[in-house]
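Worksheet: the structure to be examined is printed underneath.
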Amino acid sequence: MMVGVAFGPLVDGDWLAEHLDEVRVVDCRWRLGEPGAGERDWEAGHIPGAGFMDVDRDLSSEPGAAGRHPLPAPESFEQAARRAGISADTRVVAYDEAIDGGATRLWWLLRHFGHHDVAVLDGGLAAWRAEGRPLRGGREEIGAGDFEARPLSDDSVSADEVQAGGFTLLDARAPERYAGLAEPIDPLRGHIPGAVNTPFAALAPGGRFLPAGELAERIPEGELVAYCGSGVTACTVVLAAALAGRDARLYPGSWSEWCARGLPAARPSAE
């Protein structure tokens, strides 16, 4: 364990390669609408020693009225984190393909459940691969950890709280979904009234986060709440806000819950 060394919220490939034996690496790759694809990708090739946590199975509970990716129950997340080898004193590095939501979701969940020694690999596996670093196929033998979930209560908001107002809402979805010009997943087009479009992909183009100063120019000050389609990619906005020196909370249910509840929507003028 590295005592007294600054850690997170991002690490790069050089840092991880140097400290690979001192941290628990977790692969969080996923593909929306393709259950099991991330785990298959992990088995095909991953950073040596990396465990795997599945966005649909481990980092969410069953879809329903609370949205497509509701937060996992504390006991369920605790068991999943233990299977991935996470203990109370473990430093965790999460990665996905190229900052596409899975790694930042694990970053947010670990902090939500009381574990702050966690970072995200900037650039994701795409950068690690491009840098010519090693991959290993097959499953890993990982000893169980002793992680204990201790949920926080001040890092997320409910739909009712969003309705009550008082927040600056950051919509992490692509501009065309925010504007209601396209909606490939959820039944309703548009966005939560008053929300500002802050596409997560523009904050980490090509999988690498912008410098803190540029992020601060894109992320406003205030009582920030991030949402997306189902509470996954919005975690990227929360991390970007942290890099910019801002605090942001997550609306986990996001647009999928908002639609399911029939709450007010800002729709395109053409409708």
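The values are calculated or read from the model by the stated rules, or taken from the named source; none is laboratory data. Just so we're clear, the structure is a prediction, and the values are computed from it rather than from any experiment. When we count neighbours, we look across all protein chains shown, and the Cβ atoms used for this are built from the backbone with ideal geometry, even at glycine. For the accessible areas, the whole protein counts, side chains as well, though only heavy atoms, and no ligand, DNA or RNA atoms are used. Shrake-Rupley method; radii C 1.70, N 1.55, O 1.52, S 1.80 Å.
Across the options 192, 119, 8, the greatest Cα extent toward the positive end of the charge dipole of the chain (unit charges at beta carbon of Lys, Arg, Asp, Glu) belongs to 192.
Solvent-accessible area assigned to carbon and sulfur over the chain amounts to 49 percent, based on a 1.4 Å probe. Structural descriptor for the chain: relative contact order 21 percent, calculated from alpha carbon pairs under 8 angstrom and at least 6 residues apart. The local environment of residue 28, defined by Cβ-Cβ distances under 10 Å, has a net charge of -4 under the rule Lys, Arg +1 and Asp, Glu -1. For the range 1-113, the relative contact order is 30 percent, taking Cα pairs closer than 8 Å that sit 6 or more residues apart in sequence and dividing their mean separation by the residue count.
Dipole check for the range 7-68: with +1 at the C-beta of Lys and Arg, -1 at the C-beta of Asp and Glu, and the Cα centre as origin, the magnitude is about 300 Debye. Charging the Cβ of each Asp and Glu at -1 and of each Lys and Arg at +1, and nothing else, the dipole of the range 1-138 about its Cα centre rounds to 180 debye. Near residue 91: Cβ cut-off under 9 Å, other residues only, Lys/Arg at +1 and Asp/Glu at -1. The net charge is -2. By the helix-only formula, in which each DSSP H run with n ≥ 4 contributes -39500 (n - 2.57) and the sum is divided by residues, the chain has a 222 nm mean residue ellipticity of -7500 deg cm²/dmol. About its Cα centre, the dipole of the chain is roughly 440 debye, where the only charges are +1 on Lys and Arg Cβ and -1 on Asp and Glu Cβ. Sequence-distant contacts, meaning Cα pairs under 8 Å at least 6 residues apart, place the relative contact order of the range 92-177 at 28 percent.
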